[in-house]
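Okay, so here's the structure we're looking at.
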């Protein structure tokens, strides 16, 4: 696991300097503290930071093919690289290292951009093809590894993180107001946009090509997307057999490592299943790491212990205290963008904790997306099937809407009374459209289209491939937004801040494609979420773990903001002269703080999103 960055000047006489390139790689040091590398060829520069995992002696990058006509910087792991290497050797290719990186170089030499279709793993990389004076780059199918870029008529700059792009000369970033609107809507910035104008994200399952001689040649191509195509002929027991077989293999191939390896164990069924499968292939006790809270409502440590005891793991635990919010400035600095998921706190701590013992861990991320495990899925399906959802009710709800106070609105039944109920995308939002009208100042609202984030979600819903199943459509939306821009972003940043590699076997694309074929009624069956997955693992997971109510990896902010962190919250948001109130309405923010303290409604997630944005403004 590593960090990549680089720069191209379209004018040949304008050369990249080693000082500039090193400044860019230094900014992402924690992604790769073991080694650094730079390659400059006049107006082209490739930069690299390495976290050594495989082939510790000869894995230096940038790496080239034998005749030094193709160079690569690569971030990630390719789990089928030995199989691919064997095929390439049979075709006459020679290898100088034992790395998966060199496999990508030769695979590209053989297949060109289509090489990405052969890769099984997580990755973002850039290849410089000297033969064609071409840049080629790609990002893995789910976006486990990040890729950002900036392009104008003079230069193309890229990086694993935005901070390395900003370090390049000749770039003055400007705040993207539309992205702020998106942030407050969904808690993160989704799609290709970032917090800065002209700095973009390459979407998962996409690659780009750029002819360095032509600054208008930049092209992006989608090579994979989540395609739901349910097969109604296969029986449940057949699905169970296939799920067990493919997940077993997915976990097995992710155990390759030349450094110590363990697992993040939350106490939920996804990470528990991963640990159970890991135990089949390990002759020594697996190292497992768990985070808990004193508040039992949020604490799953007893379930993590049950798994640890069953599989005799070397188990490690840590309790997160309210004082952990002092971590906020550090997280804001490293995440680069506003990010409202407070579970970044425990994710950071469990990563830091695990890094004391291992360099690589496996996690259970992806299970809720592939098997419809989130409560939002069942709530949304219940709303669609609710007998009250009629034209007469829709008309009467408009009258009710006028007399219901703000703090009533949430999800579930209250969603039916909302002005947004015909907008599916509004159901998944943190701040509804009508709330953002009150939250943002009038001057700020004039600078963007208020409902643009919801429109983006609607476009994804309308354009996805779900074969008419509503649940599959919601899953597809979740995979393309919340999974990549919240969950995977959080895990990548928090783990890389601690130089820890996280592997996600449930998001193996072959396993995912299997789940896309499973009909919706095997995922939510009589309100039982993740039905078919649970059936496939019920014999390897203790009943106490299997049957407990889903808690998620959340933080007890509701209580913290009422008690331990009350003074902290008000001290930051009571100053009307703060820069944040150029964007947000001071009286409305104060009313939210008051409503939360009085217990009218849990506003903790909204308060957290304001605090993060405030800290981001202070740093930028």
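A short reminder: the numbers here are calculations on the coordinates, not readings from a lab. Bear in mind that the values here come from a model prediction, so they are computed numbers and not experimental data. Here the Cβ positions follow ideal geometry from the backbone for every residue, glycine too, while neighbour counts run over all protein chains shown.
From the alpha carbon gyration tensor of the chain, can you work out the equivalent ellipsoid semi-axes (sqrt of 5 times each eigenvalue) and give them in Å, largest to smallest? Could the numbers behind the result be given before it?
On the way: eigenvalues 284, 189, 119 Å².
With the √(5λ) rule applied to the chain, the semi-axes are 38, 31, 24 Å.
The label point for residue 576 and the one for residue 447, both projected 7 Å from the Cα toward the Cβ, are 2.2 nm apart.
What does the C-alpha gyration tensor say about the overall shape of region 157-205? Classify as rounded when a/c is under 1.5, otherwise prolate if a/b is larger than b/c, or oblate. Verdict is oblate for region 157-205. Note on residue 547 and residue 82: their simple-model spin labels are 4.2 nm apart, each label 7 Å out from Cα toward Cβ. If you wrap region 119-269 in the convex hull of its Cα atoms and look at it from every side, the mean projected area works out to 14.2 nm². Here the gap between residue 223 and residue 434, fully extended at 0.36 nm per residue and compared with their Cα-Cα distance, gives a gain of 72.2 nm.
Counting DSSP beta bridges in the chain, what percent are antiparallel, to the nearest 5? Walk me through the intermediate numbers first.
On the way: 56 of 73 bridges.
Antiparallel bridges: around 75 percent, rounded to the nearest 5.
Counting every C-alpha pair in region 497-583, the share spaced more than 17 angstrom apart comes to 73%. The simple spin-label model puts a point 7 Å past each Cα toward its Cβ; for residue 618 and residue 333 those points are separated by 1.3 nm. Here's the picture: a label point sits 7 Å out from the Cα of residue 192 along the beta-carbon direction, and within region 122-154 the residues with their amide nitrogen under 20 Å of it are 124-127, 135-154.
Per-residue extension of 0.36 nm, minus the Cα-Cα distance of residue 588 and residue 214, leaves a gain of 129.6 nm for this segment. Mean separation of Cα pairs under 8 Å and 6 or more residues apart, divided by the residue count, gives the chain a relative contact order of 16 percent.
Computing FRET efficiency as 1/(1 + (r/R0)^6) for residue 91 and residue 117, where r is the C-beta to C-beta distance and R0 is 22 Å, gives about 0.85.
Under the classification rounded if a/c is under 1.5, otherwise prolate if a/b is larger than b/c and oblate if not, where does region 2-222 fall, given a ≥ b ≥ c as square roots of the Cα gyration tensor eigenvalues? Kindly include the intermediate steps, with their values, before the conclusion.
Values: a/c = 1.60, a/b = 1.39, b/c = 1.15.
It comes out prolate by the Cα gyration axes.
The listed peptides 235-243, 33-41, 472-480, ordered by packing as a protection proxy, come out as 472-480, 33-41, 235-243 (highest mean of other Cβ atoms within 10 Å first). If R0 is taken as 41 Å, the Cβ-Cβ distance between residue 563 and residue 249 corresponds to a FRET efficiency of 0.30.
Overall shape: rounded for region 34-140, with the ratio a/c of the largest to smallest alpha carbon gyration tensor axis below 1.5. Fully extending the segment from residue 11 to residue 131, taken as 0.36 nm per residue of separation minus the present Cα-Cα distance, adds 41.4 nm. Taking every C-alpha pair closer than 8 Å and separated by at least 6 residues, the mean separation divided by the residue count of region 556-620 gives a relative contact order of 40 percent.
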